[in-house]
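Notes for the one structure printed next.
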């Protein structure tokens, strides 16, 4: 009989990320236990491989043992501003680093260094979110991206994220040389192939601009028959003056693109310091994947706030290996835990309310410097 | 039917450069039935004329895009890679998926391997196959062991009836054999895709369905080295069937990937392709050391090249088809 060699190939985190068709199918209680384990492993990896983070954790008096006992909320979070002034790299690295930058709307660009494993896991997180977005990797689909392609996206993380959807389905890009080619996209949508699901994806300001032009020029374009989908990604950033309430945007988009109901509008959330994408379901709820711990924190003392209380959003993301994915963001929002959603999933639900203003951000940064100087 | 020597092929002379100096050329090959197989020939930077060629065959029901990650590993290690979509299967080649049969998949693989030999400049040719296509590759090797030096496979199916029963949660081959279904042109499903009952009928009629047939063919494929990577948690392929089958080969290695399932992902691919690349090098490029694993950017870059070439690939025709 032939000898069989046995080789360990995948750990529990990557099994959940890559091998579960729907990560939310893991029972919630088990997901909480797994998340605890993943957080301990990720914390241990970071304190062992990142000198700066180790000092930060030591200063906060947090050890691996304490995280093991108390769980992910004990992990000290790095204010996102730290990524604006310090190159945080955790070794050993897997291949070359890709420099990923923020758009710098809050003053100064954050820089996050991603190695091969971190990038692959990010793509895994994008793939794992397809089910929640009602997208099928094997169904004929075409993404119309209101953003640049990978080359033009360069280091800018938001654009890069939009550009790599091309790895999943064929994608066309309608920002070239820094300009949004709305008319070109409208022509293309009018001539699109039947039987291929059209998916418009881009920042809300460009989606709004496209809808306004379509309405003005053609009254509407019918994307409904092929289960058309519109996905907004990212906030209004420099265009807060043009921001419209979400409900108003949904109503406009459903009408202009003649979509099959409000459930055909979705939202995705990510930021340069986060290695996971969080997406909304047909009920417009942002489901937090089981490996990611999100909490709302009191801006004064960083304590974890209760269910539905508004605070600064903090993330413990074990998917990041080449940098610490333990981040306190500049966003205000709420988290509800173990919610049974009408979409059939049970998970934590994230609601982002708004970005902190620069003045608030500076105020918080001053306070944070007192409690959390890396 | 054409003989293999009469196959007509057209290799696009325009080469599109990609990451790491990889050159990609679309090709079309008119198979023995006159249907067009569409594919890509990818050469690593500085490839010699006799650079060994690996034909990467995706599993049934998926397109050659699924072998792009395979290609990045092989190209990074100095192999020329030929990837293609079989006819009457998913992808860009001729034919409707409803008319798929494993026999046709094998015929196309043999035709592509024969053409690939002409691109190897006298160098060696090997196969990297997945799932049911792996079963087809075993028969190709058994019928003509000179076709390939080695067969690397991932999740190779060795007991076809057990696997398609597990996939469908129903014994469709048994239903056909028992006469419950008699209209071979009627449609049913495989992997949620519509196919004709003829696919199941021919699995039985052409002797694909049993473990014994795989064992017999592996005994015949003397001179070919077989290396198979099998997922410990593969829901469709039983470890005991794989072990029993490859035990019949004169030269085989079987590796079980702990906790892995049927399809590869970035994590399991690292391990599987690392092992397979090492095996291909030992066999086909002795004396060479494995290179570093390809970067994520290579994967993104190669995808970009292939997306660009898709329209071109669809427009190509062989001289006899123009």
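For chain A, the longest principal axis of the alpha carbon atoms and the long axis of helix A:28-49 meet at an angle near 60°.
Within the listed set A:296, A:342, A:60, the residue fluctuating most in the Gaussian network model of chain A (springs between alpha-carbon atoms under 10 angstrom) is A:342. In the range B:163-313 the Cα-Cα distances spread across 5 Å bins starting at 0 as 2, 8, 12, 13, 15, 16, 15, 12, 6, 2, 1, 0 percent of all pairs. Counting only other chain Cβ atoms within 10 Å of each residue's Cβ, the peptide B:293-305 averages 5. Here the gap between residue B:232 and residue B:50, fully extended at 0.36 nm per residue and compared with their Cα-Cα distance, gives a gain of 61.8 nm.
Peptide A:12-20 has a mean of 4 when you count, residue by residue, the C-beta atoms of other protein chains within 10 Å of its C-beta.
Distance between the C-alpha centres of the range A:199-222 and the range B:111-188: 47 Å, rounded to the whole angstrom. Which of B:80, B:182, B:133 ends up with the largest GNM mean-square fluctuation for chain B, with Cα atoms connected below 10 Å? Answer for the Gaussian network model of chain B: B:182.
Rounded to the nearest 500, the helix-only mean residue ellipticity at 222 nm of the protein assembly as shown stands at -10500 deg cm²/dmol, with each DSSP H run of n ≥ 4 adding -39,500 (n - 2.57). For chain B, the spread of Cα positions along the three principal axes, ordered from largest to smallest, is 57, 46, 33 Å.
Residues considered: B:111, B:241, B:96. Largest GNM mean-square fluctuation over chain B, using C-alpha springs under 10 Å, is found at B:96. Computed from the C-alpha gyration tensor, the three semi-axes of the ellipsoid equivalent to the range A:95-173 are 23, 15, 11 Å, from longest to shortest. Under conditions of 10 °C and 1.306 mPa s, the range B:1-147 yields 106 µm² s⁻¹ as its translational diffusion coefficient, taking Rh as the Kirkwood radius over Cα pairs in the Stokes-Einstein equation. For residue A:59 and residue A:30, a Förster radius of 35 Å and the Cβ-Cβ distance give a FRET efficiency of 0.55, rounded to the nearest 0.05.
Between residue A:244 and residue A:176, the modelled label-to-label distance comes to 2.8 nm, taking each label 7 Å out from Cα in the direction of the beta carbon. Only Cα pairs under 8 Å and 6+ residues apart enter the sum, and on that basis the relative contact order of chain B stands at 19 percent. Could you state the number of Å between the C-alpha centres of the range B:297-319 and the range B:254-268? For the range B:254-268 versus the range B:297-319, the Cα centre distance is 28 Å. Note on the range A:75-206: percent of Cα-Cα distances in each 10 Å bin, starting at 0 and stopping at the bin with the largest distance, equals 11, 35, 34, 16, 4, 0.
With each label modelled as a point 7 angstrom along the Cα→C-beta vector, the residue B:288-residue B:307 pair spans 3.0 nm.
Going from the residue with the fewest nearby Cβ atoms within 10 Å to the one with the most, B:147, B:314 rank B:314, B:147. Maximal additional length on extending the residue A:222-residue A:194 stretch stands at 8.9 nm, based on 0.36 nm per residue less the C-alpha distance.
Evaluate E = 1/(1 + (r/R0)^6) for residue A:154 and residue B:143, where r is the Cβ-Cβ distance and R0 equals 45 Å; express this FRET efficiency to the nearest 0.05. Efficiency computed from Cβ-Cβ geometry: 0.30. First obtain the Kirkwood hydrodynamic radius of the range A:126-268 from its Cα pairs, then insert it into the Stokes-Einstein equation at 20 °C and 1.002 mPa s, and state the resulting D in µm² per second as a whole number. It comes out at roughly 142 µm²/s.
Computed on the range B:1-66, the Cα convex hull volume stands at 117 Å³ per residue. Between residue B:317 and residue B:216, full extension at 0.36 nm per residue minus the direct alpha carbon distance yields a gain of 32.5 nm. The fraction of Cα-Cα pairs per 5 angstrom bin, counted from 0 for the range B:148-196, comes to 5, 17, 23, 23, 13, 8, 8, 4, 1 percent, rounded to whole percents. The mean number of Cβ atoms from other chains found within 10 Å of a Cβ in peptide B:251-257 is 4, as a whole number. When only Cα pairs below 8 angstrom with a gap of at least 6 residues are kept, chain A shows a relative contact order of 18 percent. Look at the alpha carbon pairs under 8 Å that are at least 6 residues apart: their mean separation over the length of the range A:273-320 gives a relative contact order of 37 percent. Principal-axis analysis of the Cα atoms of chain A puts helix A:358-371 at an angle of about 20° to the longest axis. The long axis of helix A:246-256 is offset from the longest Cα principal axis of chain A by roughly 30 degrees. Radius of gyration over Kirkwood radius for the range A:307-357, both on Cα atoms: the Rg/Rh ratio is 1.04.
Packing, taken as the mean count of other beta carbons within 10 Å per residue, orders the peptides A:94-103, A:191-200, A:274-283 from highest to lowest as A:274-283, A:94-103, A:191-200.
As a proxy for reagent exposure, ranking A:45, B:208 by other Cβ atoms within 10 Å from fewest up yields A:45, B:208.
Note on the protein assembly as shown: the alpha carbon radius of gyration divided by the globular reference 2.2 N^0.38 Å gives 1.00.
When the alpha carbon gyration tensor of chain A is reduced to an equivalent ellipsoid, the three semi-axes, largest first, read 34, 24, 20 Å. Normalising by residue count, the range B:64-183 has a Cα convex hull of 120 Å³ per residue. A crude spin-label estimate for the pair residue A:48 and residue B:185, with each label 7 Å from Cα along the Cβ direction, gives 6.4 nm.
Laboratory data are not the source of any read-out in this text; all were calculated from the coordinates shown. Note that this is a predicted model, so its numbers are computed, not measured. In this analysis, Cβ positions are derived from the backbone assuming ideal geometry, glycine residues included, and neighbour counts consider all displayed protein chains.
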